[in-house]
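For reference, the structure is listed below as structure tokens.
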Amino acid sequence: MSRPQPRHLGRILASTIGLPALLLGSLTASAFPGASTAGTTPATGPHVVKHAVEDDMCDPIRFGTNPANAAAAAATAAKAAKAVRFPTRFELPAGFQPEGIAIDRSGTAYFGSRVDGDIYAASLRTGAGKVISQGPGTASLGMKTDKRGRLFVAGAAGGNGRVIDTRSGKVLASYTFTTATPTFVNDVILSKDAAWFTDSRQPVLYKVPLGRNGKLPSQAAVQTIKLSGDYVHDPANNNANGIELTPDGRNLIIVQSATGFLFRVDPRTGVTRKIDLGAAVMTNGDGLLLSKDTLYVVQNRLNKIAVLDLDNSGSRGRLVREITSTDFDVPTTAAFYGSRIYLPNARFSTPPTPATEYWVTAVKR
């Protein structure tokens, strides 16, 4: 018998071991720790982690097959492709009352409860999850993850913020921002050298400076930055809510829920300048997400996301489109993963009970 030539060797191997085995070997994927492994848009600012995983992963690749097992191979490929497709909706625990969301590079999403501050982690691949950190008894709102596996959490009426190890659930640090009332520490953004928190009931920002290699500081290092300039505080309503960086990374952006105005904030002085959006107003503005020079503004009770095109400095912008979904029920904050935006539905218009259903909705950017 003549010796097979190299160019025919691949065909012989495929025929011998079967194409399904090859496909399955290439499509094996991990699931959320503790969950079953069976079956089941880029924040690219200078200080935000990029996510490489694309929405719905990839389509099944079509290889040449032996007609005798073509049908079986096609069925196996279709099943495997379906198994790695992330759901566009998954449930959170009944009665959880979510508000904040953050997503790490592994595809694990974190949610904070308005009931008691518990932190719930769920796999975007399967939707399965569990509570990883018990709350302090006050709400957990906006949150962000960093590349060190830490979760920064805004503490609402507790007037505080904390940092949690996402692997162990251990609280690494806790900071008291204010003992004044009223207070409502609402959201957080990470820059290269600090974590910045908004307070919807006080005209200030809180800065937690980060040391070398992200070292967490002591309580004494926390700074309160008073807002001034164009910003006018409304003591009867919610004010500074979502927070982001400007496209050039030099300043901060906040949305004032009471007015729907966006402001650019000098992080050194707290001086604000209203961002020129023409006639557009971000009514019910909540969470903010930046991707290059595109800012996504969640308008919670309007059940939509406004998509703004900003200049590099964040001084002006224009409304280019809106994203809506029939699955929205008062979404609050948002996080990117691949080509999707994930949002928890806070359902503020629904009276909360221990049995009230809550869920997460994913939409295309």
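Thr178 contributes about 30 Å² of solvent-accessible surface, heavy atoms of the protein only, 1.4 Å probe.
Here is the size of segment 220-365 from its Cα atoms: Rg then Dmax, 15.6, 47 Å.
Among the protein heavy atoms, those of Val320 account for about 70 Å² of accessible surface (1.4 Å probe, every chain in place). Summing +1 for each Lys or Arg and -1 for each Asp or Glu among the other residues whose beta-carbon sits under 13 angstrom from that of Ala334 gives +1. Here the Karplus curve 6.51 cos²θ - 1.76 cosθ + 1.60, taken at θ = phi - 60°, turns the phi angles of segment 203-214 into couplings of x, 9, 10, 10, 10, 10, x, 9, x, 4, 6, x Hz, with x standing for Gly and Pro. A 1.4 Å probe run over segment 212-260, with the rest of the protein chains in place, finds 48 Å² accessible per residue. Separation of the alpha carbons by more than 28 angstrom is noted, of Lys207/Lys274; Lys215/Lys304; Lys130/Lys226; Lys207/Lys304; Lys147/Lys207; Lys130/Lys192, for Lys215/Lys304; Lys130/Lys226; Lys207/Lys304; Lys130/Lys192.
Only protein heavy atoms count here; under a 1.4 Å probe, Arg318 has an accessible surface of about 140 Å².
Annotation: amide H of Asn284 within the under-5 Å range of Gly260, sequence separation 5 or more or interchain, hydrogens built in the peptide plane.
Rounded to whole numbers, the Karplus 3J(HN,Hα) couplings from phi for segment 321-332 are 5, 10, 10, 10, 7, 5, 8, 6, 9, 6, x, 10 Hz, using 6.51 cos²θ - 1.76 cosθ + 1.60 with θ = phi - 60°, and x at Gly and Pro.
The values are calculated or read from the model by the stated rules, or taken from the named source; none is laboratory data. Keep in mind that this is a model prediction, so the values were computed, not measured. All Cβ positions, glycine included, derive from the backbone under ideal geometry; neighbour counts span all protein chains shown. When the accessible area is computed, the model is the full protein with side chains, heavy atoms only, and any ligands, DNA or RNA have been set aside. Shrake-Rupley method; radii C 1.70, N 1.55, O 1.52, S 1.80 Å.
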